[in-house]
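Here the structure is laid out as structure tokens; the discussion comes afterwards.
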Amino acid sequence: MRKTLLNTHTRAGRPCHRRNIVPARTLRISLVGLLVWIMAAVPVFSLPLPAVTVTVSPTSVSVPVSGDRQFTAQVNGAANTAVTWTVNDIPGGNVTVGTIDSTGKFTGSAVPPTGWTVTVKAVSVADPNAFGASVVTIRNQIPWVTSVVPNALPLGPFSITVNGSRFVSGAQVLWNGTPLSTNFVNAGMLTATGNAGQKGNASVTVANPGPAAVSTPLYVNVSSNVVVVVTPASANLLAGASQQYQATVSGTANLAVIWMVNGKPGGDGGVGTITGQGLYTAPGVMPVGNSVTISALSAADGVTQGTATAYLQDPLAITYGRFLEQTTFGPTAQLMAHAQQVGMQVFLDEQFATPESTWPSLVTATRSDAVDAFYGNAKNGQDQLRQRTIFALSEVIVIAMNKNTNGNEIVPWLQLLSRNSFGNYRTLLKELTLDASMGKYLDLANSGVGSGAANENYPREVMQLFSIGLYQLNPDGSRQLDATNQPIPTYSQTDVQQLAKALTGWTYSSPNGTTGLGGNWNYFPGPMIPVPGKHNTSSKTFLGQALPANQTIQQDLNGAIDIIFNHPNVAPFIATRLIRALVTSNPSPAYIARVAAIFNDNGQGVRGDMQAVIRAIIMDQDARNDTPPADFGRLRTPMQHTIALARALNLNVNGASGFAYLFYNMNEGMLDAPSVFGHYSPLFRIPKSSLYGPEFQIYSASDAINRANFFYSLLYNPWPINPALQPFVNLAGNSTGLINAVDNALLYGRMSPATRNAIAAALPAQSDNNTRALAALYLTITSGEYLVQH
């Protein structure tokens, strides 16, 4: 191409640039040349040819030594479909790895190769990089067994000769699939030694070295003339007691035996121990099922044994089972043993001294945190008596998440109940009155701070529900009657209004602990604080006693609490509520009177001592009567029922916030009672009965079904059965043993004959030991005998 020149001209005094114009013909020639140059320099691109693929059939196969197999190859992507056959990349193979001809017929080597496998390939002639492959296992021939000599053996050590063909060096004789010490004699004979440990027919096979070279079995009959009988065949023993067993051996001159408990030579601390002379000593803690198997194993053959059953009885099981049902959320095996060891009074002392379980931080507490802590402390807390008391008080002094919706609004209430469970009831009442969470729930916060009358909600409930009740009571809890035989009210509407004035002027605290004249809003750490100038300082009179005018807000508070706390109704009212929550829904008047007397005076002139009251409730003669009347006891709530079951069977049922929604369907939303009266009325009577049964108010047909479904899911998860229930599965082959185990674990040996017979009738229809164990447990935990805490 020609170089373009730049000429410069001047027009109107300014330089002007102009390119010389290249002739069109010259330009066409130049472009043609450039195109020729580009085409020569750049390679020509074309569509790729289809890839060549080779497929070999079959892709894997087993061939005996010197055996043959036909392979085929299919070539795609090439006009030339010819292939070259190789074995381990050797064209045509060789005698070591096997050979293959041009048609694909493979012949195995006479001796199996190292590793037992070779690779057959078909390589494309059109594209040597394309091939298909097949893995060939070259195995020894399957041996034939024609006879075993002798074909009948006694128990114990033996030697046998196995005759047949196709045996190779390294072949092994298998006894019921287990290799014996084997000697290769020749291709038609093997000898072997072993030990016959089980009577009956034993299979004998021969396995040549390598894979898939096992003969069909012949059978040898194993028998024994040895007989072992253990006496006594059964015995009933108390915990820690001893029993002498005797073993009678016949059919052999060797009379020695090895004594075992549940298959363990000598036994152990969990099932009891037995000496070499047959003296058995039962364990101090009852094993699952409360029975063990005593065995005497013949030393002559090491197989034959005689057995006997020792039924272990815990004479204190009912006594301490009932005690722990009243003081905890349910016994565990370890807690039963400990309580029996230290005794009831010491156990109560220990529980009173046990530190409180922890609660979520108010800074981060959520609703789920509160539910998890409430349930988790009840199930797993070491302070079981405190947790049981918290649960009892939570149905007397109620706050619920349907109003106090956030975790930091509900946890302070739980903390208050926890720290006051073993304190003084007056302290509880005062702290409750100033508690910010209660201030929100029953509207005492900012009462009288704004315009309008003092709020009467908390003043009414602190009397009606938390202390004195609606009617004047005798010390035994019975109602006092007037001249017309009508109950006498404890307070009037005027009393409520007067008490409301006495409690005006309190507001929520704040981060700096101060407030203005308008009060504060929704701050829950710490107690409420006074609002300056907002307390009603007029004189007040309620429950027949006066608070003078012009007292400070603190003076009126203390005076009001003293008037309520010292009312004669408080002792029988609280005694009745706590007895019903811990022991029985229908306490005798004398029982209530005895506990009320302790509330009034703990023996040292102190009124309202909660430790003394709880000890009096638990240790009362009515509570400790292990053969109580039929109307004694109380219905477990869904939460109590669940936790008792989980503790008794060691089920891992934690993280209640993940399943708490189910409890709404059982009418017991956790921490969410539908009203200030709780989940159920303490005065509810069982329909068509004169008996009190507070918890029966929420026990509907739907609750019964929902409980049963929930409990069954706990038993079978993970499918097919919760691993914690394996001890019951192990006993399920014997219906009596299984029912005894369930009875002892859940009912302390007091299952009624009717329930026992019903369970026994249901077990034969079950398909295996898992379902038998599930059926026995399910029917027991849903029975009235377990549903009611007796």
- [ ] Any residue in segment 527-539 that's within 19 Å of residue 427 (Cα to Cα): show its pairings with residues that are open to solvent by 50 Å² or more (accessible area, probe 1.4 Å) at Cβ separation under 9 Å, as long as the two are six or more apart or on different chains.
- [x] 527/431; 529/514; 530/552; 530/554
Task: Subset of segment 144-176 that is closer than 20 Å to residue 67 by Cβ and in contact with a Leu (Cβ under 9 Å, 6 or more places away or on another chain) - its residue that is surrounded by the fewest Cβ atoms within 10 Å (Cβ to Cβ) - done: 164
TODO: Output the qualifying pairs, or none if there are none: Cβ atoms under 6 angstrom, residues six or more apart or on different chains, first residue in segment 499-512 and open to solvent by less than 10 Å² (accessible area, probe 1.4 Å), second residue basic (Lys, Arg) and outside any strand (DSSP E or B).
DONE: 505/534
Task: Odd one out for residue 210, checked against (1) in a strand (DSSP E or B); (2) assigned by TED's automatic domain parsing to the domain that holds residue 166; (3) of a type outside the set (A, V, I, L, M, F, W, C) - done: (1)
TODO: Could you please find all residues in segment 668-723 being of a type in the set (Gly, Ala, Ser) and open to solvent by 70 Å² or more (accessible area, probe 1.4 Å)?
DONE: 690, 701
- [ ] Name, by its number, the condition in (1) within 17 Å of residue 647 (Cα to Cα); (2) open to solvent by less than 20 Å² (accessible area, probe 1.4 Å); (3) not acidic (Asp, Glu) that does not hold for residue 726.
- [x] (2)
Task: Counted residues, segment 87-120 - those being of a type outside the set (A, V, I, L, M, F, W, C), surrounded by fewer than 22 Cβ atoms within 10 Å (Cβ to Cβ) and in a strand (DSSP E or B) - done: 7
Task: Within segment 175-184, tally of residues that are hydrophobic (A, V, I, L, M, F, W, C) and over 19 Å from residue 199 (Cβ atoms) - done: 1
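Every residue, every condition in (1) part of a loop (DSSP other than H, G, I, E, B); (2) open to solvent by 40 Å² or more (accessible area, probe 1.4 Å), yes or no:
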residue	(1), (2)
453	yes, yes
460	no, yes
475	yes, yes
485	yes, yes
495	no, no
517	yes, yes
520	yes, no
524	yes, no
- [ ] Can you give me the ranges of the strands (runs of 3 or more DSSP E) entirely in segment 154-195 with at least 1 residues that are at pLDDT below 95?
- [x] 156-165
- [ ] Confirm whether residue 219 is surrounded by fewer than 19 Cβ atoms within 10 Å (Cβ to Cβ), at negative phi, out of contact with any helix residue (DSSP H, G or I) (no Cβ under 9 Å at 6 or more places or on another chain) and at pLDDT 95 or above.
- [x] yes
Open item on the list: Looking for something surrounded by 15 or more Cβ atoms within 10 Å (Cβ to Cβ) and free of Cβ contacts under 8 Å to residues at least 12 places away in the same chain - is there at least one such residue anywhere in segment 747-769?
Closed with: yes
TODO: Pull up segment 359-383, narrow it to residues that are in a helix (DSSP H, G or I) and among the hydroxyl-bearing types (Ser, Thr, Tyr), then point me to the one that is surrounded by the most Cβ atoms within 10 Å (Cβ to Cβ).
DONE: 375
- [ ] Kindly indicate which of 205, 182 is over 48 Å from the mean Cα position of the chain (by Cα), closer than 23 Å to residue 154 by Cβ and of a type in the set (Val, Ile, Thr).
- [x] 182
TODO: Search segment 384-397 for residues being within 18 Å of residue 681 (Cα to Cα) and of a type in the set (A, V, I, L, M, F, W, C), and hand back the single one that is surrounded by the fewest Cβ atoms within 10 Å (Cβ to Cβ).
DONE: 396
TODO: Would you check if residue 356 is farther than 27 Å from residue 260 by Cα, open to solvent by 40 Å² or more (accessible area, probe 1.4 Å) and assigned to a helix (DSSP H, G or I)?
DONE: no
- [ ] Select the helices (runs of 4 or more DSSP H) contained entirely in segment 398-451, then report the ones holding at least 2 residues which are open to solvent by 10 Å² or more (accessible area, probe 1.4 Å) and closer than 24 Å to residue 566 by Cα.
- [x] 425-434
Task: Residue in segment 336-344 that is open to solvent by 60 Å² or more (accessible area, probe 1.4 Å), out of contact with any helix residue (DSSP H, G or I) (no Cβ under 8 Å at 6 or more places or on another chain), more than 18 Å from residue 789 (Cβ to Cβ) and not assigned by TED's automatic domain parsing to the domain that holds residue 785 present - done: yes
TODO: Take the residues in segment 572-603 that are more than 41 Å from the chain's Cα centre (by Cα) and open to solvent by less than 40 Å² (accessible area, probe 1.4 Å), then tell me which one is nearest to residue 621 (Cα to Cα).
DONE: 593
- [ ] Kindly indicate the residue of segment 300-319 that is in a strand (DSSP E or B) and among the hydroxyl-bearing types (Ser, Thr, Tyr) and also farthest from residue 622 (Cα to Cα) among those meeting that condition.
- [x] 307
Open item on the list: If I filter segment 781-790 for residues that are modelled with pLDDT under 95 and either under 30 Å from residue 588 (Cα atoms) or open to solvent by 20 Å² or more (accessible area, probe 1.4 Å) (or both), do I get at least one hit?
Closed with: yes
Task: Contacts under 9 angstrom Cβ, first residue in segment 200-216 being in contact (Cβ under 8 Å) with a residue 12 or more places away in the chain and at positive phi, partner part of a loop (DSSP other than H, G, I, E, B) and open to solvent by 20 Å² or more (accessible area, probe 1.4 Å), 6 or more apart - done: 210/112; 210/116; 210/170; 212/142
Open item on the list: Could you check segment 247-270 and list, in sequence order, the residues that are loosely packed, with under 13 Cβ neighbours inside 10 Å and in a strand (DSSP E or B)?
Closed with: 250, 268
Task: Looking only at segment 271-299, and only at residues there that are open to solvent by 40 Å² or more (accessible area, probe 1.4 Å) and either in contact (Cβ under 8 Å) with a residue 40 or more places away in the chain or not in a strand (DSSP E or B) (or both), the one that is nearest to residue 335 (Cα to Cα) - done: 285
- [ ] Evaluate the following for residue 8: is it in contact with a His (Cβ under 7 Å, 6 or more places away or on another chain), among the polar types (S, T, N, Q) and modelled with pLDDT under 95?
- [x] yes
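The values are calculated or read from the model by the stated rules, or taken from the named source; none is laboratory data. All values reported here derive from a predicted model rather than from experimental measurement. Glycine gets a Cβ as well: all are built from the backbone with ideal geometry, and neighbour counts include every protein chain shown. Note: areas computed on protein heavy atoms with side chains; ligands, DNA, RNA excluded. Shrake-Rupley method; radii C 1.70, N 1.55, O 1.52, S 1.80 Å.
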